[in-house]
Amino acid sequence: MIPGPSAPKLRVALFITCLGDQFFPQVGECVVQVLRRLGVEVTFNPAQTCCGQPAFNTGYRQEARRVAARVLDQFEDADYVVAPSGSCTSMVRVYYPELFAGDPERLRKVEKLRSRFLEFSEFLVNILKVEDVGASFPHRVAYHDSCHLLRELRIEAEPRRLIRAVRGVEFLELKDYQACCGFGGTFAVKFPGVSVAMAEDKLRAAAASGAEYLVANDSSCLMHLAGVIHRQGLPLRTMHLAELLARQA
Amino acid sequence: MSEARIGTGDIHARVQSALKNAHLQEAYRSSTLRLYTHRLQAVSELPGFEHLRDRAQALKRQVMEHLDYYLAQFADNVARRGGHVHWAASGEEACGIVREIATRAGAREIVKAKTMLSEEIGLNRALEAANIRPFETDLGEFIVQLSGEGPAHIVAPAMHLTRHDVSALFVKHIHSEPTDVPEQLTAIARCALREKFARAGLGLSGANFAVAETGTVVLVENEGNIRFSTTAPRVHVALVGIEKIIPRLADLAVFLRLLGRSGTGQKLTVYTSLLTGPRRPGEDGPDQMHVVLVDNGRIETLASEKMREMLYCIRCGGCLNTCPVFRKIGGHAYGWVYSGPIGALVTPQFLGLDKARELPFASSLCAACRDVCPVKIDIPDLLLHLRAQAQELTKAPRPPGSPIGERTAMRLWAWAMERPWVYTLGSRLARLGQRLFARQGWIQKVPLFPLSRWTEGRDLPALAPKSFRERWKEISKQ
């Protein structure tokens, strides 16, 4: 149920993600637009920067802790935190407990934050109980599961339901849809050749599906895939789920 | 500890050469896809597969927590059934024990069943140095022994070769007629191996499982060469990693249902041999059975509460087949006998992070391996742990073209991320700087690490003219 005008407004603190903030601010704007359309109040704490994942995944836990500790403090009082990223969400929900395992006080904060920190599509489908957000987009769309969303958070059905409910969309499932696109954080620059070769497989699957647009919930995968598409001049466009859901006729 | 066959040169060089080799790419693509698909099919046909994985994981955990108890029980039971038990702390010791047994038995030739542990400890070279000739009898191992390579895959050692490659090897080494027909190739190998089985004074195997309750060595295979190797020669030696123990015979029902399905998509492999002691009066089989229990780094791993999980592995190869990185770079790029996701754990853990520092980073952490692992090893989590250890214990090599080292860069990064004003200032400076490189919103080349590596094969979107936080001032008013 969407809360009606009389119901008290749900309040959401936006975790924009560092990548989204700097490279894809339009994604954040679309998140705000869709949430507001559904009657949700969105706040933004400008003290936020990054969740700490780049350092954590590269093995620099001390540095990761310093950055992550700020997230715990910044969102302590939020009813819900919503991030347009499966990767940052899984960092908070799956890996913060490990990162702060030796710090009981912070661990308590982690436990408090985990249940309220949600990825955009799961917030829409599981908390707001909305699938049709009133979007319209008459195109052939394929969906790319980011690994963190799929295998850390097990969010597979939610984005698909949202996409299928968009007016005019022809939804296409990618062959071998569970395969990684090759981004992998610092893996992308430590093993660039493998990273790009994996993207090429993903883009071949997208081309074979006949899709015009490749939609995902992670700007990191999309930045990587779009980078290969642009370099090779492929006839495919990438789009964040929030951008798709913000489209109206 | 054995350093057998650690790959020469830099992992990045090996990766680059694999990526350029279209022939190799196709060999790995088709083989891994076939095994992956067969696994999916087999798993879907067995209700309760998830439950079996949980059960197997619990059993392995139980074994690792009480390994001293189960090992003693296993050793006692082997001895009780007339077998000889040997303990080897290192690979060298294990090689020495096998050499000694062979010498005493007067065996100049040995037929070998496929065993990854013998690859790990460099047994073949140790035997050859003592003028004992080891003959690999598993078809894949036979092929890579001819080619002089190590195994390319835990269960499919010759995965990197096509039938044409195999034919060429046979023509060169055993002077057969060229043929591309798999059945004919198999027949050629079979013919070459027959006489070896008949002549060998010793048969050497590994062990898939070692049953503590009964002292039984369990071996699974598809070709019959293991059964032949362990029954025809007068002496059988089983090389057993100490992590191979399972408590009871009944537990085999759990592991056998998982192993075949996870590895090759088979409900059961063609042969399953349960060997308990040497032949008894009036029976066929070897006069002597020796079990060599090998540590070679396993106890040290057991001592690490985190890395202990790695020892649950039953070497099905499932994680390799599902790994998108393995599919691209193949087994030899990993540099040692174990490859793929499990190899990226085992190699640095057994040989030392200083020898394989980059391996834990050779993963996109996509976690597909964790989802197929029959004993539910959390491979990505262990890779992350090794990454943290690598940064703590060793210094990252400075990336080429980088003005500062990785650790300094990460410290600077964290310092900036802790201070929104530095973060904002930094992003503004980057916006100014990118004017030199950006064309219509895209950057094709940046001569500064790590962006230089990014733009090797893909373009980089330019930073947005205004960040979200800058735009928020207007958005919040709407």
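Please report the relative contact order for chain B, taking Cα pairs under 8 Å with a sequence separation of at least 6, and give it as a percent rounded to a whole number. It would help to have the intermediate numbers written out before the result.
Details: 810 pairs, mean separation 92.1, N = 478.
Relative contact order, chain B: 19 percent.
State the Cα centre-to-centre distance between the stretch A:176-244 and the stretch A:35-71 in whole Å.
Here the two parts' Cα centres lie 24 Å apart.
Compute the separation of the alpha-carbon centres of the stretch B:333-379 and the stretch B:73-112 and state it in Å as a whole number.
Cα centres, the stretch B:333-379 to the stretch B:73-112: 30 Å.
For the pair B:Leu249 and A:Phe171, what calculated FRET efficiency results from E = 1/(1 + (r/R0)^6), where r is the Cβ-Cβ distance and R0 = 51 Å, to the nearest 0.05? It would help to have the intermediate numbers written out before the result.
Working: r = 51 Å, r/R0 = 1.00.
Once the sixth-power term is evaluated, E becomes 0.50.
Is the shape of chain A rounded, prolate or oblate, going by the alpha carbon gyration tensor and its root eigenvalues a ≥ b ≥ c, with a/c under 1.5 for rounded and a/b larger than b/c for prolate?
Values: a/c = 2.03, a/b = 1.13, b/c = 1.80.
Cα axes put chain A in the oblate bin.
Is the stretch B:406-475 best put as rounded, prolate or oblate by its Cα gyration tensor, with a ≥ b ≥ c the root eigenvalues, rounded for a/c under 1.5, and otherwise prolate when a/b is larger than b/c, oblate when not? Intermediate results must be reported in sequence, preceding the final value.
Values: a/c = 2.43, a/b = 1.14, b/c = 2.14.
Here the stretch B:406-475 falls in the oblate category.
Please compute, for peptide A:198-209, the average count of beta-carbon atoms on other protein chains lying within 10 Å of each residue's beta-carbon. Kindly include the intermediate steps, with their values, before the conclusion.
Details: counts 6, 2, 3, 4, 1, 0, 0, 0, 0, 0, 0, 0.
Across A:198-209, the average partner-chain Cβ count within 10 Å equals 1.
Under 12 Å Cα to Cα from A:Lys129, which aspartates and glutamates show up? Leave out anything in the same chain fewer than 8 places away.
A:Glu158
Please compare each pair in B:Lys60/B:Lys306; A:Lys190/B:Lys395; A:Lys109/B:Lys477; B:Lys172/B:Lys196; B:Lys395/B:Lys445 to a cut-off of 21 Å on the Cα-Cα distance and tell me which ones are over it. Intermediate results must be reported in sequence, preceding the final value.
On the way: B:Lys60/B:Lys306 14 Å; A:Lys190/B:Lys395 15 Å; A:Lys109/B:Lys477 32 Å; B:Lys172/B:Lys196 19 Å; B:Lys395/B:Lys445 28 Å.
Violating the 21 Å limit, Cα to Cα: A:Lys109/B:Lys477; B:Lys395/B:Lys445.
Loop only per DSSP, at most 16 neighbouring Cβ atoms within 10 Å: give me the trypsin sites (Lys or Arg not before Pro) in the stretch A:1-90, ordered by residue number.
Working: sites: A:Lys9, A:Arg11, A:Arg36, A:Arg37, A:Arg61, A:Arg65, A:Arg66, A:Arg70; in loops: A:Lys9.
Of the trypsin sites (Lys or Arg not before Pro), the ones in loops of the stretch A:1-90 whose Cβ has at most 16 other Cβ atoms within 10 Å are A:Lys9.
For the pair B:Asp165/B:Asp378, report the inter-label distance in nm, with labels modelled 7 Å from Cα in the Cβ direction.
Placing both labels 7 Å beyond Cα along the Cβ direction yields 3.7 nm.
Give me the percent of DSSP beta bridges within the protein assembly as shown that run antiparallel, rounded to the nearest 5. Show your work: numbers first, answer last.
On the way: 12 of 57 bridges.
So the antiparallel bridges in the protein assembly as shown amount to around 20 percent.
Taking the Cα centre of chain B as origin, sum charge times position over the Cβ atoms of Lys and Arg (+1) and Asp and Glu (-1), and report the length of that vector in debye to the nearest 20. Write down the numbers at each step before the final one.
Numbers: 62 positive and 49 negative charges, 379 e Å.
The calculated dipole for chain B is roughly 1820 debye.
Looking at the stretch A:87-138, which trypsin sites (Lys or Arg not before Pro) are in a loop (DSSP not H, G, I, E or B) and have at most 14 other Cβ atoms within 10 Å?
Details: sites: A:Arg93, A:Arg106, A:Arg108, A:Lys109, A:Lys112, A:Arg114, A:Arg116, A:Lys129; in loops: A:Arg116, A:Lys129.
Those satisfying the criteria are A:Lys129.
Would you mind getting me the FRET efficiency between A:Asp103 and B:His175? Use the beta-carbon distance for r and R0 = 45 Å, nearest 0.05. Present the calculation step by step, with values, prior to reporting the outcome.
Working: r = 68 Å, r/R0 = 1.51.
For A:Asp103 and B:His175, the calculated efficiency is 0.10.
Distance in nm between label sites at B:Leu436 and B:Gln62, each 7 Å beyond Cα in the beta-carbon direction?
6.4
Using a 10 Å cut-off on Cβ to Cβ distances, tally the other chain neighbours for every residue of B:415-424 and report the average as a whole number. Each step should come with its number before you reach the end.
Working: counts 3, 3, 14, 7, 3, 6, 0, 1, 7, 3.
That works out to 5 on average.
Pairing rule first: another cysteine's C-beta must sit under 4.7 Å. Under that rule, which cysteines of chain B stay single?
Within chain B, the cysteines lacking a partner Cβ under 4.7 Å are B:Cys95, B:Cys191, B:Cys313, B:Cys316, B:Cys323, B:Cys373.
Is any residue of the stretch A:40-82 close enough, with backbone N under 20 Å, to a label point placed 7 angstrom from the Cα of A:Glu111 along the Cα-Cβ axis, and if so, which?
A:69-81
With r as the distance between the Cβ atoms of B:Ala72 and B:Leu274 and R0 = 25 Å, compute the FRET efficiency 1/(1 + (r/R0)^6) and round to 0.05. Before the final figure, lay out the partial values.
Details: r = 21 Å, r/R0 = 0.83.
Working from the Cβ atoms, E equals 0.75.
Under unit Cβ charges (Lys, Arg +1; Asp, Glu -1), what dipole magnitude, rounded to 20 debye, does the stretch A:157-237 have relative to its Cα centre?
Working: 10 positive and 8 negative charges, 20 e Å.
The calculation lands at about 100 debye.
So the label point goes 7 Å from the Cα of B:Glu26 along Cα→C-beta, right? Which residues of the stretch B:168-185 then have their backbone N under 16 Å from it?
Residues B:168, B:180-181 fall inside that zone.
What is the dipole size for the protein assembly as shown, taken about its Cα centre, with +1 at each Lys and Arg Cβ and -1 at each Asp and Glu Cβ, in debye to the nearest 20?
Working: 92 positive and 77 negative charges, 295 e Å.
I would put it at about 1420 debye.
Against the globular-protein guess of 2.2 N^0.38 Å, express the Cα radius of gyration of chain B as a ratio, rounded to two decimals.
On the way: Rg = 25.7 Å, N = 478, 2.2 N^0.38 = 22.9 Å.
Against the compact-globule rule of thumb, the ratio is 1.12.
Where in the stretch B:439-478 does the amide nitrogen come within less than 17 Å of the point 7 Å from the Cα of B:Asp10, taken along Cα to Cβ?
Those under the cut-off are B:448-457.
Tell me, in nm to one decimal, what length is gained between B:Leu46 and B:Glu392 on full extension, where the rule is 0.36 nm per residue of separation less the Cα-Cα distance? Working shown, then result.
Details: separation 346, 0.36 × 346 = 124.56 nm, distance 4.38 nm.
Working it through step by step, the gained length comes to 120.2 nm.
Can you list the GluC sites (Glu not before Pro) in the stretch A:47-126 that are in a DSSP coil and have 11 or fewer other beta carbons within 10 angstrom? Don't skip to the end; give the middle numbers.
Details: sites: A:Glu63, A:Glu76, A:Glu98, A:Glu105, A:Glu111, A:Glu119, A:Glu122; in loops: A:Glu76.
Passing sites in the stretch A:47-126 are A:Glu76.
Considering only B:Leu161, B:Tyr28, B:Trp415, whose Cα is most displaced toward the positive end of the charge dipole of chain B, charges sitting on Cβ of Lys, Arg (+1) and Asp, Glu (-1)?
The residue sitting farthest along the positive end of the dipole is B:Trp415.
Going by alpha carbons, how many degrees (0 to 90, nearest 10) lie between the helix axis of B:379-393 and the longest principal axis of chain B?
For helix B:379-393, the angle is close to 70 degrees.
Counting GluC sites (Glu not before Pro) as exposed when in a DSSP loop with at most 12 other beta carbons within 10 Å, what is the longest stretch of chain B free of them?
Working: sites that count: B:Glu3, B:Glu45, B:Glu283, B:Glu305.
No qualifying site falls inside B:46-282, the longest such stretch.
Pop a pseudo-label 7 angstrom from the Cα along the beta-carbon direction at both B:Ile404 and A:Ala207 and give the gap in nm to one decimal.
A separation of 4.1 nm, rounded to one decimal place.
Calculated from DSSP H runs of 4 or more alone, at -39500 (n - 2.57) each and per residue, what is the 222 nm mean residue ellipticity of chain B, nearest 500? Walk me through the numbers before you get to the answer.
On the way: 22 runs with 236 residues, N = 478.
Counting only the DSSP helices, I get -15000 deg cm²/dmol.
Bear in mind that the values in this text are calculations on the coordinates, not laboratory data. A quick note: this is a predicted structure, and the numbers were derived from the prediction, not measured. Heads up, the Cβs are rebuilt from the backbone with ideal geometry, glycines too, and the neighbour counts pull from every protein chain shown.
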